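Structure first, then comments.
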Amino acid sequence: MFPPGCVLPAGWSNNTEGSQLGWIAASDSANEGRCSLKSGAIGDSGSDSIKVASRISVTGNYLAGSVSFARRVSSENTFDCFRFAIDGVQQNVGGQCSAAGGIGASGAVPWGNIEVPVSAGRHTLTWSYEKDANTADGDDAVWIDDVRLPAEGLLLTVTKTGTGTGTVTGTG
């Protein structure tokens with residue numbers, strides 16, 4: 001079950017750049033089991049120029065595959081946005097945030113499954129909820145559950161220097 005033990009998984013970071021608030025393990029909504037991860041509580045600032053973000057990320061050396069997760073959104077439609085990114089590149093999460101720019105999901109979006117391909121290599125996966133300064137609508141929150149990451153592998157770089165020969169071997 002995810003998140004294991006209803007706590008933030010080891011290796012996951014709430015200290016992502018540009019994030020004012022982290023995510024928590026929550027039991028108020030879950031796609032499966034009794035808990036999920038929920039974006040930090042964001043209130044209205046009353047200022048038109050302030051946007052607040054709650055981000056969580058995990059970095060790993062992954063084998064080629066896909067990341068999958070369930071998501072639920074309860075926010076102001078088109079303005080307050082759930083986003084998922086791989087290495088800073090936004091991915092399709094089954095909706096749009098037309099007033100907030102870019103792709104994402106906003107409004108009242110029930111639990112649904114997302115699957116995104118991931119190439120082999122070192123990647124940072126980031127889930128975020130970005131809220132503008134006005135209008136509280138819905139729960140002003142995002143939940144993710146049932147996160148499945150690609151298998152982690154070793155990243156080996158071999159560089160030849162000189163004129164000799166050699167052999168590189170490994171075991172799994």
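The values are calculated or read from the model by the stated rules, or taken from the named source; none is laboratory data. Because the structure is predicted, anything quoted here is derived from the model rather than measured. Cβ atoms come from the backbone with ideal geometry, glycine included; neighbour counts cover every protein chain shown. Only protein heavy atoms, including side chains, enter the accessible area calculation; ligands, DNA and RNA are left aside. Shrake-Rupley method; radii C 1.70, N 1.55, O 1.52, S 1.80 Å.
Worth a mention:
- SER19 vs. criteria outside any strand (DSSP E or B), of a type in the set (Ser, Thr, Tyr) and either open to solvent by 20 Å² or more (accessible area, probe 1.4 Å) or at pLDDT 95 or above (or both): yes
- Taking region 96-144 as the range and being polar (S, T, N, Q) and at pLDDT below 90 as the test, the residues that pass are GLN96, SER98, ASN134, THR135.
- Any hit, region 162-172, residues being open to solvent by 20 Å² or more (accessible area, probe 1.4 Å), β-branched (Val, Ile, Thr), more than 24 Å from ALA26 (Cα to Cα) and in a strand (DSSP E or B): no
- Among the residues of region 76-101, those that are under 27 Å from GLY11 (Cβ atoms), open to solvent by 40 Å² or more (accessible area, probe 1.4 Å) and assigned to a loop (DSSP other than H, G, I, E, B) comprise ASP87, GLY88, ASN92, GLY94.
- Hits in region 116-149 (condition: in a loop (DSSP other than H, G, I, E, B) and surrounded by fewer than 17 Cβ atoms within 10 Å (Cβ to Cβ)): SER119, ALA120, ALA133, ASN134, THR135, ALA136, ASP137, GLY138
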